[in-house]
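Derivation of every value follows stated rules applied to the coordinates shown; laboratory data play no part. These numbers come from a predicted model, not from an experiment. Virtual Cβ from ideal backbone geometry, glycine too; neighbours counted across all protein chains shown.
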Amino acid sequence: MKFDRIRLRNFRPYADADLDLRDGVTVIHGLNGSGKSSLLEACFFALYGSKALEGTLDDVITNGTEEAEIDLHFTHADASYHVHRRLRASGERTTTADCTLEGPDATVEGARDVRAFVVDLLRMDAEAFVNCAYVRQGEVNQLINASPSQRQDVIDDLLQLGRLEEYRDRAGEARLGVEDVRTEKRGELRKVESQIEAKEERNLYGALDDLESTLADIDAKIDHYEDQREKAERTKDEAESVLEEYEEKRADLDSIEADIEELEAAIREAESEREALQERIGEARDRIAELETEVEDRLDAAGLDAATEAAVEARRAELDEREERLREERTESNASATGLRNQATNLAEKADDLANRADRRDSRAEELRAEADEAEAVAEEHEEALAELAEEAADLAARFDDAPVDRGEAADRLADLRDRRGEAGERAAELEAKLESARERVAEAEELLAAGKCPECGQPVDDAPHADPEDHRERVSELEADLTDARETVADLDDRIETLDALVEVEDRLADIESERNRLEERVTAKRETAAEKRDEADERASEADDLREQASETREVAAAKREEAEEAEARVEELTADLEALAETRERVDAVAERLDRIADLEDEIERRREQAASIAETNDERRERLAEKRERRDDLRDAVDEDAIETARERKTDAEEYLENVDAELDALAEKRDEVQTKIGGVRSEIESLESLRAERDDLAERVDALDSLHEEAERLEAMYGDLRAELRQRNVETLERLLNETFDLVYGNDAYAHLRLDGDYELSVVQKDGSELDPTQLSGGERALFNLSLRCAIYRLLAEGIDGSAPMPPLILDEPTVFLDSGHVSRLVDLVAEMRDLGVAQIVIVSHDEELVGAADDLVRVEKNPRTNRSTVSRSEPSAVTGIEAAADAGAGAGESD
């Protein structure tokens, strides 16, 4: 697995950064605090999200921005992947707004799902990634300082042995679970066997036979009584049939008598109705005579010659024609009056509007003259301000007469001095670190000398190759002198920066004054032009006002003429309205005649209709008299057909049958109740028998289940033991391999003859074996030796993972963040050898963050990180290493130096 490209937007100090990462050894260098480690942290964060951060998401987004984006392109097992994360700051909280991973066969969305996919793809979570491939700044001694148990947990997790322990725990939990279930089922089996024994003692099958015999006797009695009850019911039914026939005939007789009474009443009512119709016909004839008289009296007033429908229609047509003519003329006159009245009103309003517009023109002219005066006053104020700015500019320019730089050069000179100040400060920090390391070695040497041991190798002074700590003291003196010079340089640069800071402020103020003077000169010209334009516009507005007043006078004269014409048209409208009202009265008289003629026709129709109704009533009454005679004959026949003696006999037989049925029902109810009790008991016994059979089946199932659980328990015990034995075996094999790889790596980077080899036992206890066979704890090594020891351990673990999991595994890049913090120049050369060896062993991509010159010169690919002191934003750039540099050349040079020593 390797990183191909990282692109950042608003991530920590990077506003916008885009970097391709290549194969081989890449060194990222720059000043302290420039953001080198942030590049690696961005790659780590892209893969694992917030799990990869030491802080929170709130620390990630660049100050002053609300969103950040991280894009990582990487290759794993010859497949390309792209991770995109977008963060958004909302209020006091930062959240992941978007997170996607795109691969050759899948697209994953959501921060949790992406992290889970990466863990599954790389077969390591964020913690494992750090422990395996990512040596973060300040954590170089993390594994060496860990306890054996902590070291064991870390390495077991990396080698996937933790899963075997997890599987063993699961098998143990399964075994305990099976024991619980087996115990429970054994208890259930004992309980069921006890229940079966109790039921078998009750002789349930014998009790069932006795109850079924009793039930048969009860059923025989019930059958006898039910036969007798059926005979009684037949007798009762025959008696009821006789009585029902009697009741039917009696009902028919009552119905026929009711029909006779109804027909007699209907005949009487119909005769009364026919007489009433004859009276109404007479009344209608009298009303027709009255209406004919009223028509004759109204003919002259309506303008009619005859009282006919045709004469009425002709008169109405004549009135309609005249009304239409009068209405058309009135409409035209009314429209003309309205139009003239509207014209007069509109002209009067227009005259008023013209007068108002003239007044507004005069007001506007006065406002424009006032605005012109105000613009001239503002121009005079600006001219005074220009004079003051010219005087201030002359005073500021005089400050450059004795300055160390010319005007316009201060900002560039200041940036140059700040870069030099940063380099000088970094140099002083490096010297302080080296001085501290040298002082520690002097103290260690003096302590060992006091104990009679060599300060270099720890052997007794008599047999040690280096017994004098004076060389370390000379190194301390040299570093103290160099540090004093470096601090003096920093102080001198700080003084010069302070002077130039003040001159940059003067330059900025002079630029602001020049800009302000240009702005004020432009505004003076603009204000004077505005004043002239305002005065010209005021004269135009006054002339327009005179023209508008003249137009208003002419418009008022035309409005008066239109008003007179409108009054004449309104008088004609009133005359036509009076003619239409007279015509309406005449139409009402014609309508009165027509209404009476219609009423006469309606009354004649009513007389004819009532005659027909009277004839129909007479015909209906004749039919009713015929039906009445038939009903009276049927009534007499029914009275002769009723036999009173037979009816009384039927009543007696019915009473006897009902008494027997009442008594037999009580006896049957008692027998049925007794039968129900026996059947209930039989059901209870049968239920007990079924329960017994069910318990026997349950006993058999439980016995089989207990046997199966015994077998499963034995299998779980074997599985638990297998996982434990397998983990112990694999751990021992991995410890042996890791110890071999660790010694190979340490022999490469450490050239001291005092140490024979390194030892890693089965409990992950680390020790350094000296030539005499004694062992040292790694914490007793010097600072540089401890750092190299831990880097060797990290690289050995990396090799073990790459070679020991399914053959050759696609491991992530080997990342070293500031690995030289605790190393002097000699140890740095050995680190270069270690990096070269890891590359030769097949590590495709090694990324190192460092400002050490030896590592920078040893890079296959060089990336520089710079921070702008004004914007506090970092940028990345790539510079090709020279032909004579590179990790191989550096390793060869280090090897040559070792031989010369």
To the nearest 20 debye, what charge dipole does the chain have about its Cα centre, counting +1 at the Cβ of each Lys and Arg and -1 at the Cβ of each Asp and Glu? 4960
Among Ala571, Thr586, Ile6, whose Cα projects farthest towards the positive end of the dipole of the chain, with charges put on the beta-carbon of Lys, Arg (+1) and Asp, Glu (-1)? Ile6
If the cut-off is a Cα-Cα distance under 17 Å, which lysines reach Lys350, setting aside same-chain residues fewer than 8 apart in sequence? Lys562
Classify the range 549-622 from the C-alpha gyration tensor, please: rounded if a/c falls under 1.5, else prolate or oblate depending on whether a/b exceeds b/c. prolate
Cut-off under 18 Å on the C-alpha distance; same-chain residues fewer than 8 positions from Lys771 excluded. Which aspartates and glutamates are left, in chain and number order? Glu456, Asp462, Asp463, Glu739, Glu744, Asp747, Asp753, Glu785
Straight-distance crosslink candidates among lysines, where the alpha carbon sits under 22 Å from Lys221 and sequence neighbours closer than 8 are dropped: Lys231, Lys674, Lys681
Given the peptides 853-866, 423-436, arrange them by the average over their residues of other C-beta atoms within 10 Å, most packed first. 853-866, 423-436
Taking the 0 to 90 degree range and rounding to the nearest ten, how far is the long axis of helix 783-804 tilted relative to the main principal axis of the chain, both from C-alpha atoms? 50
Cα long-axis angle, helix 309-397 against the chain (0 to 90 degrees, to the nearest 10): 20
Net length gained if the chain between Ala394 and Ser255 were fully extended (0.36 nm per residue, minus Cα distance): 36.0 nm
What distance in nm separates the simple spin-label points at Asp482 and Glu264, each placed 7 Å from Cα in the Cβ direction? 15.3
Between Arg733 and Glu474, what is the FRET efficiency for a Förster distance of 41 Å, r being their Cβ-Cβ separation, to the nearest 0.05? 0.25
On Cα atoms only, tilt of 644-749 relative to the major axis of the chain in degrees: 20
Extension gain from Asp16 to Asn203, taking 0.36 nm per residue of separation minus the Cα-Cα distance: 57.9 nm
When DSSP assigns beta bridges and you keep just the ones with both residues in the chain, what percent turn out antiparallel, to the nearest 5? 75
Per the helix-only model, the chain has a calculated mean residue ellipticity at 222 nm (DSSP H runs of ≥4, -39500 (n - 2.57) each, divided over all residues, rounded to the nearest 500) of -27000 deg cm²/dmol
Computed from the coordinates I sent, log10 I(q)/I(0) by the Debye sum over Cα atoms at q = 0.05, 0.07 Å⁻¹ equals one of [x] -0.75, -0.87; [y] -0.31, -0.59; [z] -0.37, -0.69. Tell me the label. [x]
